[in-house]
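*Asks:* Attaching a single structure in structure tokens format; questions to follow.
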Amino acid sequence: AVGAGTQGLGAFPQFGGGKAESILTNAQAMRYLDPAGPTSGHLVLEGNKRPQTVAFVQAKGKNAWGEVGPVTLRWVAETIRAAAADNPSLKVHLFHDKEAGASMKGQLIGLNRQLGVEMHDHEVTRVEQKGEGKVFVKWASEGGEQTLEVDVAVVGTPIEPSDTLRALAKMLGIQVDAAGYAVPEGRVQVAGPARRPMTLDEVFDDAMATAGLLVTTFARA
């Protein structure tokens, strides 16, 4: 699709590299929690078992992290709410980037108070699954490496411009910024995640605003 998408776990060998059944991307978890998804809206393990403990881990990216970090964290927050609605007894841990967390402090406090989500502003160093069993989340602290044992880990991977966007921008002569997003210029308007990382609500709002701008531009032509 044109625009942006999340990276797969293949780019993160420290988080299982996409080979562990109980280590998912946030996009995969949202697919499971979608009523139209493969599990009819339920987050389940092999054998149709419901996890009792889940760790959501924000994977830190490199490009335009100041913009990307808060957006990926908001996506993760939405998945947490959906998972809690699916299983109210679920125990949730959230490992988030400190910088991104500071930008949405109120929402994180809400997740803690309303859903009992346990917050960790630590950068996770490894997530690994032992055979078909538990998942282990590891991070560094002043007292040495710490480990949390959970049933499932959900990794919020960074957003990046799609290959389609890069190819289309080159073909049409559209300027891109340092991170690879398209830049509006003159009569060339760009909407949604082709312009910058966005949540779904922001995509709709931005698309409507851009459509209005185009109508105004053509009316004046």
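*Asks:* Among the strands (runs of 3 or more DSSP E) contained in the stretch 130-221, which hold 3 or more residues that are closer than 30 Å to His93 by Cβ and either modelled with pLDDT under 75 or open to solvent by 60 Å² or more (accessible area, probe 1.4 Å) (or both)? Give the derivation first.
*Replies:* Working: elements: 135-141, 144-150, 152-156, 159-161.
Ranges flagged: 144-150.
*Asks:* A further question follows. Out of curiosity, is Thr25 open to solvent by 60 Å² or more (accessible area, probe 1.4 Å), within 15 Å of Trp75 (Cβ to Cβ) and among the β-branched types (Val, Ile, Thr)?
*Replies:* Values: open to solvent by 60 Å² or more (accessible area, probe 1.4 Å): no; within 15 Å of Trp75 (Cβ to Cβ): yes; among the β-branched types (Val, Ile, Thr): yes.
Answer is no for this residue.
*Asks:* Also, quick follow-up: Any idea which of Ser89, Ser103, Ser40 is open to solvent by 20 Å² or more (accessible area, probe 1.4 Å), of a type in the set (Ser, Thr, Tyr), free of Cβ contacts under 8 Å to residues at least 40 places away in the same chain and in contact with a helix residue (DSSP H, G or I) (Cβ under 7 Å, 6 or more places away or on another chain)?
*Replies:* Numbers: Ser89 fails: in contact with a helix residue (DSSP H, G or I) (Cβ under 7 Å, 6 or more places away or on another chain); Ser40 fails: in contact with a helix residue (DSSP H, G or I) (Cβ under 7 Å, 6 or more places away or on another chain).
Just a single option satisfies the conditions, and that option is Ser103.
*Asks:* Moving on. Could you grab me the full set of residues in the stretch 9-19 that are on the phi < 0 side of the Ramachandran plot, in contact with a helix residue (DSSP H, G or I) (Cβ under 9 Å, 6 or more places away or on another chain) and open to solvent by 20 Å² or more (accessible area, probe 1.4 Å)? Break it down stepwise before answering.
*Replies:* First, the residues of the stretch 9-19 that are on the phi < 0 side of the Ramachandran plot: 9-15, 19.
Applying the additional criterion that residues be in contact with a helix residue (DSSP H, G or I) (Cβ under 9 Å, 6 or more places away or on another chain) yields 9, 15, 19.
Of everything in the stretch 9-19, just one residue is on the phi < 0 side of the Ramachandran plot, in contact with a helix residue (DSSP H, G or I) (Cβ under 9 Å, 6 or more places away or on another chain) and open to solvent by 20 Å² or more (accessible area, probe 1.4 Å), namely Lys19.
*Asks:* Here is a further query. Within the stretch 10-49, which residues are basic (Lys, Arg) and over 20 Å from Lys134 (Cβ atoms)?
*Replies:* Pass one, the stretch 10-49, residues basic (Lys, Arg): 19, 31, 49.
Scanning the stretch 10-49 gives a single hit, Arg31.
*Asks:* Scan the stretch 10-26 residue by residue and report those that are over 20 Å from Val92 (Cβ atoms) and in contact (Cβ under 8 Å) with a residue 24 or more places away in the chain.
*Replies:* Ala11, Phe12, Gln14
*Asks:* Given (1) in a loop (DSSP other than H, G, I, E, B); (2) within 28 Å of Val176 (Cβ to Cβ); (3) at pLDDT 90 or above, identify the lone condition not met by Gly61.
*Replies:* The number of the failed condition is (3).
One line per residue, one yes/no per condition, for (1) closer than 25 Å to Pro13 by Cβ; (2) not basic (Lys, Arg):
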position: Thr72; (1), (2): yes, yes
position: Trp75; (1), (2): yes, yes
position: Arg81; (1), (2): no, no
position: Met104; (1), (2): no, yes
position: Gly116; (1), (2): no, yes
position: Val124; (1), (2): yes, yes
position: Glu142; (1), (2): no, yes
position: Glu145; (1), (2): yes, yes
position: Thr157; (1), (2): yes, yes
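*Asks:* Another one. Given the conditions (1) open to solvent by 20 Å² or more (accessible area, probe 1.4 Å); (2) out of contact with any strand residue (DSSP E or B) (no Cβ under 7 Å at 6 or more places or on another chain), and given that Gly61 satisfies all but one, which numbered condition is not satisfied?
*Replies:* (1)
*Asks:* Kindly establish whether Val54 is surrounded by 15 or more Cβ atoms within 10 Å (Cβ to Cβ), touching an Asp or Glu at 6+ places or on another chain (Cβ under 9 Å) and modelled with pLDDT of 95 or more. Step through it out loud before you land on a result.
*Replies:* Numbers: surrounded by 15 or more Cβ atoms within 10 Å (Cβ to Cβ): yes; touching an Asp or Glu at 6+ places or on another chain (Cβ under 9 Å): yes; modelled with pLDDT of 95 or more: yes.
In short, yes.
*Asks:* Sticking with this one: Scan the stretch 85-101 residue by residue and report those that are among the hydrophobic types (A, V, I, L, M, F, W, C), outside any strand (DSSP E or B) and under 15 Å from Met119 (Cα atoms). Lay out the reasoning, then the answer.
*Replies:* Our first condition is that a residue be among the hydrophobic types (A, V, I, L, M, F, W, C); within the stretch 85-101, this holds for 85, 90, 92, 94-95, 100.
Cutting the leftovers down to outside any strand (DSSP E or B) gives us 85, 90, 100.
The answer is Leu90, Ala100.
The values are calculated or read from the model by the stated rules, or taken from the named source; none is laboratory data. It should be emphasised that the depicted structure is a prediction, and the values quoted were computed from it without experimental measurement. No Cβ is skipped: glycine too gets one built from the backbone with ideal geometry, and neighbour counts run over all protein chains shown. SASA here: full protein model, heavy atoms, side chains in, ligands and nucleic acids out. Shrake-Rupley method; radii C 1.70, N 1.55, O 1.52, S 1.80 Å.
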